[in-house]
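Notes follow once the structure below has been shown.
The values are calculated or read from the model by the stated rules, or taken from the named source; none is laboratory data. Remember, predicted model here, so these are calculated numbers, not experimental data. With ideal geometry, Cβ positions are generated from the backbone for all residues, glycine too; neighbour counts draw on all protein chains shown.
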Amino acid sequence: MAWDLKDPGRLTYQEVRDALSQMDEVDLRRAERIAGFLSQRLPGMSAEDLLQEVYTQLLSGDRRFPRGVHALVVLKTAMRSEASNVRKAGKASPVDPLYQPENVDAPERRSPEVEHLAREELEAVVKSCAGDSQAELVVLAWMDGLKGEEARVVTELDLKTFDAARKRATRKLAGFDRAREGS
Amino acid sequence: MSIKSRYEIQLDQLLDAWFEELQQMPAHEVLAGESPGTVRTRADARLARATQEAGRRRLVAARAHAALDRARSPIAVSIEEARAYIARVLQDTNYTLAARQLEEIPDEEILRLYEQLRELEDP
């Protein structure tokens with residue numbers, strides 16, 4: 001996909017540049033944290049590589065930057081998609097021959113191998129909370145799509161304990177216990 | 001459109017929930033002792049590298065697109081129009097080629113010459 005100037009729902013090249021350059025430092029660091037999380041199990045791609053690749057795709061027009069959506073949300077979505085593409089390109093090609101890594105907007109095909117990769121990734125995320133059973137419970141609730149009070153009820157933790165566990169889980173997944181990767 | 005597996009859906013849900021928590025995390029916790037200036041310097045360098053690489057990719061894509069267009073589209077001009085165009089260009093550029101010489105050039109060669117001149121005009 002290239003720049004489609006007839007699409008009013010996407011930012012222009014200059015608007016993409018402005019949106020990225022005007023992000024504040026805290027959101028920039030959040031974007032790096034997300035890149036760190038998503039790149040942990042990527043073959044041959046650091047957090048900085050992933051983030052820069054997504055910047056490049058948005059600036060080249062290969063990826064759409066929707067109008068009216070916060071830059072951090074766009075980066076998160078794009079990094080998730082790119083990480084998934086990289087993982088499939090690296091490991092799934094023998095059983096997923098119709099996958100086309102050069103076209104990020106192509107319809108995606110699934111295979112048992114791709115599902116296996118997602119399962120492996122989930123298991124690794126849960127493992128990052130190993131030794132903290134309460135944080136692990138929070139992560140499992142999040143995986144099931146539960147948030148806030150719904151998640152607390154499922155974990156059967158009291159409000160204060162859940163709140164502390166939620167914060168610990170957030171920090172563990174954000175890699176606060178690891179050295180900053182790739183940057 | 002994409003059809004996601006159960007594990008991929010769970011991964012997306014986990015990322016969404018965690019992302020919400022990360023957005024609510026106070027600034028000093030996100031920065032974790034790092035100065036905003038250091039983060040900004042890193043981001044500026046990233047943007048500069050990405051801008052350069054994006055420009056290179058756009059150029060490669062534009063060249064490939066132009067080559068494909070040339071290969072696919074027949075020359076939409078008559079021999080008479082092509083001859084008139086070439087004669088006009090020759091005159092404008094003070095190129096010395098007699099009208100008789102131009103008439104002697106075969107039609108196929110005229111079309112090729114016409115295409116080359118148009119490419120020079122619209123790079």
Just one listed residue, out of A:Pro112, A:Pro107, A:Pro97, A:Pro66, is modelled with pLDDT under 95 and more than 12 Å from every other protein chain (Cβ to nearest Cβ), and it is A:Pro97
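So, B:Ile75, is that one modelled with pLDDT of 80 or more and in contact with a helix residue (DSSP H, G or I) (Cβ under 7 Å, 6 or more places away or on another chain) or not? Talk me through it step by step, then tell me what you get.
Values: modelled with pLDDT of 80 or more: no; in contact with a helix residue (DSSP H, G or I) (Cβ under 7 Å, 6 or more places away or on another chain): yes.
Taking the combined requirement at face value, the residue does not satisfy it.
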Practice task
Look at B:Ile110 and say whether it is at pLDDT 75 or above, over 30 Å from A:Ser60 (Cα atoms) and either in contact with a Phe, Trp or Tyr (Cβ under 8 Å, 6 or more places away or on another chain) or not in a helix (DSSP H, G or I) (or both).
Solution key: no
